[in-house]
Each structure stands twice: as C-alpha cells, then as structure tokens.
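Below: the structure, in structure tokens.
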Amino acid sequence: MPGKLYLGLDSSTQSLTAMLIEVDGTNARVVLDSSLLFDETFPAYGTRHGVLPPAFATGASAGLRGIEAVSSPVMWADALDAMLGRIAASGVDLTRLAAIAGSAQQHGSVYLNWDAGARLAGLDPKQPLAPQVAPMLSRPVAPIWMDASTSTQCAEITAAVGGSAVLARRTGSRAFERFTGPQIRKFATSDPDGYAATERIHLVSSFLASLLVGAHAPIDPGDASGANLMDLKERRWWPPAVEATAPDLAGRLPAIASSWTMAGPLSTYWQARHGLPAANVVVWSGDNPCSLIGVGLVREGRVGISLGTSDTIFGLMTEPRVDPSGTGHVFAAPTGDYMGLTCFSNGSLAREAVQDAHGFTWSDFSRALEMTPAGNQGRVLVPWFVPEITPPVIEPKVHRYRLSPDEAAANVRAVVEAQMMAMAIHSHWMSVTIDTIHATGGAAANTEILQVMADVFGADVYRSTVANSAALGAALRAWHADTVAEGAPLAWNTIAALAQPSAASRITPNPRRHAVYRELIPIYEACEAHALGRGPDPTAALERFART
Ligand code: ADP
Ligand code: XUL
C-alpha cells in the first residue's frame, strides 16, 4: 500500500521550495523537490535577491536608506499559490497527503488589518491569491531579517526591560535590529495610524500558515524566539518585553503553540482552486529551527553550518545556555529542546560580491581556492560587504590587510577563510565541542569551500544530502506532528534518519592546514577588533605569520 505523503514548504529570502516525502512505516523518501526564485518567477514585484529596491523603504528621510530591507508579503502569497498549483499538477496522488508544515525566513513581520480575518476566511477560489491578500495588509511591505535600521528601538526596549543581559536571559537574545520586536516598535512609532489599523502582526511563518488555513494561525516557539518578545523557558510572550515594544501589542500577536500543533485543515480555497485534499496544516516555524531537523541535528554534539544568503552555525542544546557576549541566539527547537545559533549576514552575499568583482563563475571560484595556500600567506579580508550581524556592524565596510582588491584568487580565499574563522570564533559560547559539521545551503554544493570549513574547524564535514534542509525539516515536522496527532509519536532520531548525510560526502580536515588556522584565528580576531576600531593594527602580526 502506498504510504502517506507529507509536504514541507520553505519560504526563504530568495525562493520558495516545496519538498514532498512519502513515508512507509519508519522509512521516508523524497518524492518531489521543487523551487521557484522570486526575482525570476515574479519580476513584476521588482525584488533583487528577494528584497524590494530602496524606494520601498520608508526611512530615507531619517537617513536609514541602505540599512532598511523590506520585501513583499503579496509576492510570497503569489509564490505560495503558484507552488501549490505546481504540486497539484505534478501527477503525484495527493489524496495521500496527510499534513503540510512550513518554514520561513525568520524575524520578518507582516501587518494585517482588521478585515484580514474575514478576508482569510472568505478567499475566492476562482481568483488568484495575491490580489486578495493586498487588501488585508495595513503595511504593504514586510521588514525582513536583513534590515538593520532599528538601533534606536533596540536601545529603548533594552533600557525598558532592564538591560541586555535581562533581555537575553529571558528571550534568548539581546535586542537585535532585525528581530521582530524592534521592527514593530519602529512601525508603531513612525506610523501610528498604520499601527492603529493593524489587528494582527504575523511573522512570515505564521502569515503563510494563515493563508493555508484561512484564519489567523498560531506561531511556534522556534520562530517566536526570533522576536525578542518570548519568554524562552515558558514559551509564551513575555509581558515586560511586549509592553516595552509597542502599545496594545499583546492582542496583536499570534498565539504561541507547540511546533507539532495542527493549525487546521487546508482551507476550501486551496481545495477548490487546486483540487488539494483537506490535509492538516501544522504550525510553521523559522528556517533555522526547521533546518536543525532537516540537517539531522536532533541531539547535542554535532553542529550545522548553513551557507545560504546568510551563513549560520547552529546546533541543538538540551539547556538554554545564553551567549554572555550577546552575539548569538538561543531559539526554541521544534523537538521541544533549544538551539544555539550565530548568524552572519555576509554569507553568500559576500562570496558573490567577490565573485562578481572578478567576473568569476563558481568553478573559477573553486579553482581559486585550490590554487591558493591555507592561511593565504597572511592576506586577510574582513568581509562586511553589507551590514553585519556578528559582530554588529551597521555601516558596511570591507577591510583588507596585506591584500589588494585586485588579487583575484587571494580575495576568494580571503573571503572564505574569514567567514569560516569568524564562525569558529563566534560559536565558542555554545560550549559544544565541534567534531562533526553537517553543511547545508546553496554554497554547500561547493566542495572547495567545505574543505576550508573542515580545515579551519579541524572537524569532519558532511554535505547534507538535501539542498534545502529547511524544506526537508518542514516535511519531517509534518510527519512528526501527524504521528503525535495519531497518538503514536515517533522518536526524532527515527524521523530525522532521512536527513542524515551520507558517509560518502565526508570531507576530512588536513592536520597541517588546521595547524595553520589555529595560528591565524587569533590574528583574524585581532583584524576584526581593529576593523571595529577596538584594537591595534594587526599587519605586523600578519607579516610574522606569513614568514612562518
Ligand atoms: P537562501 O535559502 O538564503 O535563499 P540558498 O541556501 O538557496 O539561499 O543559497 C543560495 C546561494 O548559494 C546563492 O545565492 C549562491 O551564492 C550560492 N551558491 C550556489 N551554488 C554555489 C556554488 N557552487 N559555490 C558557491 N556558492 C554557491
Ligand atoms: C537568523 C536569520 C536568518 C534568517 C534568514 O537569525 O536572521 O538566518 O532566518 O534565513
């Protein structure tokens, strides 16, 4: 008998991916994996890498242009409509579809007006989704995780709750510009009429889940932990943070429900429009919590590194150990545990900037890594092409030490080495001994990049078997939630077996090169400190390093 099907959707910064898995007993396999790029598929919205051009941002007059980043909730809805249409037309027998779960870029917020509830319930299946979503919005754009424009609001919220350490201990993170709370505060104070017209503020995840169920859906603790608003241990909104953020905010936030909660069946809109069954929709989560599952990190000890638009290093933690330096985050994990994460905005964006500067293809990029020695002969680049999250840098600037911008191959090595060393430095706080890394994200396709990762960390690197771990994680969450609903929950290590990377993908560190990086990492730390204006010029140390 053919098994049940579970669908995972991932609405990332640049694309929407769908992954359908078929489950037979405890065995699962992927039966469909399909993506659409926002820029390419929906050029009418005018996004670049999924972000709207600066004209759509609002803060130009306040000098915020360039550090604001917004996208279009209507475009995300359009993509959801197109993708579900594509799945319905795929020829797979969808009567076996038991549950759908989703993943979305974290932190982004969507502002819905007082009519939205009725509009969600009354979607007309004869019409496309996008034009029916536009009138639900009290703010036409959604600030996303790349936005760095809320430093003032971060400071205000921090002061109101009693300081960074208090906020971090309670919510898992100190205030971050891209987190939802500071973004909400900026909207509430800069556009009080728009805020008054807002009945519900969703995160991207709960917004898309709401479109699927035709009603305001709850949010899971994993994505809610990216808001600077949730009490991490209690897994409910934390009143002091909510009150410090905006007036009457509590009633505007979605309910928080555990990651395996069924938000409702797929609404009649989707059933009538695309002929889909009334499958259960599981609450959506953030892309990082979903990737934790989709990379197979369901026990403490191993870490994942995702090389997407942003780069992140993350791993499961059984206890909420909060970063005392305030650079990392602790989120709730979809397993009911916690996850530690450090996020770098200069991920693929920085690699692409170097690639573009030299007119390189990805194979040229790989060749440049092969041609150049570990340690790059003491030539270092601090890659803040766009505002950086870790360490916090608002005004982007690229710093080069003993490196000229036109040394093509050396710049390629320098950007990748800098990213890997920064990840090693800024993940110490998780107190996890890293011996195994599961690599994922678009750039994990690049073996030469993964070799630098293995050499810097001195750890085995496995390439995740699936390109989109967040979508797979969502599909696995759908399976898990269905087993919970049936009263026979499966263990997470059974669920996540499909996500374990193959032994054949292992890339081992070279001990000699690892020794080079052990020497270079403290010097790179000094380069970062110098670039931040907090330390002496590291050039002499780099010259000594180059001579050894
Ligand atoms: P996101 O999920 O954040 O939208 P992805 O994980 O899909 O991003 O990664 C997309 C990025 O992967 C592209 O922007 C590109 O820079 C990078 N990429 C794709 N192929 C390669 C490659 N062979 N080498 C290095 N980077 C690559
Ligand atoms: C995590 C973060 C990004 C986004 C987009 O804190 O900001 O990883 O989730 O992928």
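A few remarks follow.
- Arg506 fulfils the conditions (1) more than 19 Å from Ser259 (Cα to Cα); (2) crowded, with 20+ Cβ neighbours inside 10 Å; (3) in contact with a Phe, Trp or Tyr (Cβ under 6 Å, 6 or more places away or on another chain); (4) not hydroxyl-bearing (Ser, Thr, Tyr) except for a single criterion, (2).
- Which listed residue is under 21 Å from the mean Cα position of the chain (by Cα) and small (Gly, Ala, Ser), from Ala374, Ala357, Ala353: Ala353
- Among the residues listed as Val330, Val386, Val382, the single one being assigned to a loop (DSSP other than H, G, I, E, B) and either surrounded by 20 or more Cβ atoms within 10 Å (Cβ to Cβ) or over 25 Å from the mean Cα position of the chain (by Cα) (or both): Val386
- Test: residue in the range 270-285 that is touching a residue at least 12 places away in the same chain (Cβ under 8 Å), buried (at least 24 other Cβ atoms within 10 Å of the Cβ), more than 28 Å from Thr465 (Cα to Cα) and more than 16 Å from ligand 1 (Cβ to nearest atom): yes
- Residue among Gln106, Gln127, Gln153 that is away from ligand 1 (no atom under 16 Å from the Cβ) and either modelled with pLDDT under 95 or surrounded by 15 or more Cβ atoms within 10 Å (Cβ to Cβ) (or both): Gln153
- Among residues of the range 51-68 being in a loop (DSSP other than H, G, I, E, B) and closer than 21 Å to Met136 by Cα, the one that is modelled with the highest pLDDT is Leu52.
- Within the option set Ala409, Ala422, being over 13 Å from Phe314 (Cα atoms), part of a helix (DSSP H, G or I) and either among the basic types (Lys, Arg) or within 16 Å of ligand 1 (Cβ to nearest atom) (or both) holds for one residue only, Ala409.
- Evaluation of Leu120 against (1) part of a helix (DSSP H, G or I); (2) farther than 30 Å from Pro192 by Cβ (one fails), failing number: (2)
To keep it simple, each residue is scored yes or no on (1) modelled with pLDDT of 95 or more; (2) assigned to a loop (DSSP other than H, G, I, E, B).
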| site | (1), (2) |
| --- | --- |
| Val466 | no, yes |
| Thr483 | yes, no |
| Pro489 | yes, yes |
| Ala497 | no, no |
| Arg513 | yes, no |
| Leu520 | yes, no |
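- Search result, residues across the range 4-44 that are within 16 Å of ligand 2 (Cβ to nearest atom) and farther than 15 Å from Ala279 by Cβ: Asp10, Ser11, Ser12, Thr13, Gln14, Ser15, Leu16, Thr17, Ser35, Leu37, Phe38
- Applying the criterion of being within 16 Å of ligand 2 (Cβ to nearest atom) and under 23 Å from Gly473 (Cβ atoms) to the residues of the range 427-437, the residue that is modelled with the highest pLDDT is Ser427.
- Considering the range 358-379, the residues that are in a helix (DSSP H, G or I) and away from ligand 1 (no atom under 14 Å from the Cβ) include one that is farthest from Ala414 (Cα to Cα), namely Met371.
- Hits in the range 352-389 - residues which are within 16 Å of ligand 2 (Cβ to nearest atom) and out of contact with any Asp or Glu (no Cβ under 9 Å at 6 or more places or on another chain): Glu352, Val386, Glu388
- Scanning the range 444-458 for residues that are modelled with pLDDT of 95 or more and either under 15 Å from Met423 (Cα atoms) or assigned to a helix (DSSP H, G or I) (or both) yields Thr447, Glu448, Ile449, Leu450, Gln451, Val452, Met453, Ala454, Asp455, Val456, Phe457, Gly458.
- Residues of the range 331-341 that turn out to be away from ligand 1 (no atom under 16 Å from the Cβ) and closer than 18 Å to Glu177 by Cβ, as a count: 1
- Going through (1) without any contact (Cβ under 8 Å) to a residue 40 or more places away in the chain; (2) surrounded by 24 or more Cβ atoms within 10 Å (Cβ to Cβ); (3) among the small types (Gly, Ala, Ser) one by one, Gly226 falls short only on (1).
- Residue that is surrounded by the fewest Cβ atoms within 10 Å (Cβ to Cβ), among those in the range 428-442 that are touching a residue at least 12 places away in the same chain (Cβ under 8 Å) and part of a helix (DSSP H, G or I): Trp429
The values are calculated or read from the model by the stated rules, or taken from the named source; none is laboratory data. Computed from a predicted structure; not experimentally measured. Here the Cβ is made from the backbone with ideal geometry for all residues, glycine too, and neighbour counts use every protein chain on show.
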